[in-house]
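Colleague: Sharing a structure below in structure tokens format, with a few things to ask.
The values are calculated or read from the model by the stated rules, or taken from the named source; none is laboratory data. Bear in mind the structure is a predicted one, so any value in this text is a computation, not a measurement. All Cβ positions, even for glycine, are placed from backbone atoms using ideal geometry, and neighbour counts span all protein chains on display. Just the protein is used for accessible areas: all its heavy atoms, side chains included, with ligands, DNA and RNA removed. Shrake-Rupley method; radii C 1.70, N 1.55, O 1.52, S 1.80 Å.
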Amino acid sequence: AQSVAQPEDQVNVAEGNPLTVKCTYSVSGNPYLFWYVQYPNRGLQFLLKYITGDNLVKGSYGFEAEFNKSQTSFHLKKPSALVSDSALYFCAVRDLFNQAGTALIFGKGTTLSVSS
Amino acid sequence: GAGVSQTPSNKVTEKGKYVELRCDPISGHTALYWYRQSLGQGPEFLIYFQGTGAADDSGLPNDRFFAVRPEGSVSTLKIQRTERGDSAVYLCASSPSGASGRGEQFFGPGTRLTVL
């Protein structure tokens, strides 16, 4: 079965420091991977995706993610964290065995807290 | 432009009642998804529409849940005989075309359903 794991419930980082939010996945074929961010009382906002090609993907708000096939990981990174980055982050993979194959499977989410 | 909108933003109902949740996707998006997000969890897939038809309803938990999209735009999620376990945030997402699965999904702010 397809699955996504976010091993950390919370990540704490000081403003200006680099941040990493971890994600590992399990799929049978080639994964389509996504990162979304959720601010309180707001919907999920798309950050970036990996479909094919370059393993380093750049997205919105200075975020990037690195696809590592051998480690089945897709960690989200940012070189310098901002307090405004504090939010709930979700990793998701496209469900290849879903009837129509386009629904997303989400991880449980990681709360990022950036302190000033 | 206008994003995905959902109404109502909050719905409180009593156990056993019937509820309808509405989703207005981004204009021109042919793919529409419903997800359910329980507290502390990532969104879980419920149903996917391509145009007017439900291409995949494998995520609906039981026959109390039903969704329609009669004209290929607005969708309504219907829950009969609500139970306390149905309490969650119901998210709607749309995408220009769901067929390839490569595109990101654009999420609405959600409807928070509370069943007393």
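Colleague: Show which aspartates and glutamates lie in cross-link reach of A:LYS69 when reach means a straight Cα distance below 13 angstrom and same-chain residues fewer than eight apart are skipped.
Modeller: A:ASP54
Colleague: What are the equivalent ellipsoid semi-axes of chain B, built from the alpha-carbon gyration tensor (square roots of five times its eigenvalues), in whole angstrom, biggest first?
Modeller: Equivalent-ellipsoid dimensions as semi-axes: 23, 14, 13 Å.
Colleague: How charged is the neighbourhood of A:LEU56? Take every other residue with its Cβ under 15 Å from the Cβ of A:LEU56, and add Lys/Arg as +1 and Asp/Glu as -1.
Modeller: Counting the neighbours of A:LEU56, the net charge comes to +2.
Colleague: Moving on. Per residue, how much accessible area does the protein assembly as shown have with a 1.4 Å probe, in Å²?
Modeller: For the protein assembly as shown, the per-residue accessible area is 46 Å².
Colleague: Heavy atoms only, probe 1.4 Å: what % of the accessible area of segment B:36-110 goes to carbon and sulfur, would you let me know?
Modeller: Looking at segment B:36-110 in its full context, I get 49 percent from C and S.
Colleague: For chain A, with all protein chains present and a 1.4 Å probe, just round the carbon and sulfur fraction of the accessible area to a whole percent.
Modeller: 47
Colleague: Could you grab the relative contact order for chain A? Cα pairs under 8 Å, six or more apart, rounded to a whole percent.
Modeller: Reported relative contact order: 37 percent.
Colleague: Tally Lys and Arg at +1 and Asp and Glu at -1 over the other residues with C-beta under 12 Å from the C-beta of B:SER94: what net charge comes out?
Modeller: -1
Colleague: How much length would be gained if the chain were fully extended between A:LEU82 and A:SER115, taking 0.36 nm per residue of separation minus their Cα-Cα distance, in nm to one decimal?
Modeller: That pair, A:LEU82 and A:SER115, stretches by 11.1 nm at full extension.
Colleague: Between A:SER28 and A:LYS58, what FRET efficiency follows from the Cβ-Cβ distance if R0 is 35 Å, with the result rounded to 0.05?
Modeller: Given R0 = 35 Å and the Cβ-Cβ separation, E is 0.80.
Colleague: Then there is this: Do you know which residues of segment B:54-97 lose at least 50 square angstrom of accessible area in the protein assembly compared with their chain on its own, with a 1.4 angstrom probe?
Modeller: The answer is B:ASP56 - residues whose exposure falls by at least 50 Å² when every protein chain is included.
Colleague: Within 10 Å of each Cβ of A:106-114, how many other protein chain Cβ atoms are there on average?
Modeller: 2
Colleague: Continuing with the same structure: How far apart, in nanometres, would the label points at A:ASP9 and A:ARG42 be if each is projected 7 angstrom from Cα along the Cα-to-Cβ direction?
Modeller: Output for this residue pair reads 2.5 nm.
Colleague: With solvent modelled as a 1.4 Å probe, how much accessible area in total do chains B and A shield from it at their shared surface, in Å² to the nearest 100?
Modeller: 1900
Colleague: Longest exposed-loop-site-free stretch of chain B, with GluC sites (Glu not before Pro), DSSP loop and at most 10 other Cβ within 10 Å?
Modeller: Longest run free of exposed loop sites: B:15-70.
Colleague: Leaving ligands and nucleic acids out of the surface, order A:PHE106, B:PHE66 by accessible area at 1.4 Å, largest first.
Modeller: B:PHE66, A:PHE106
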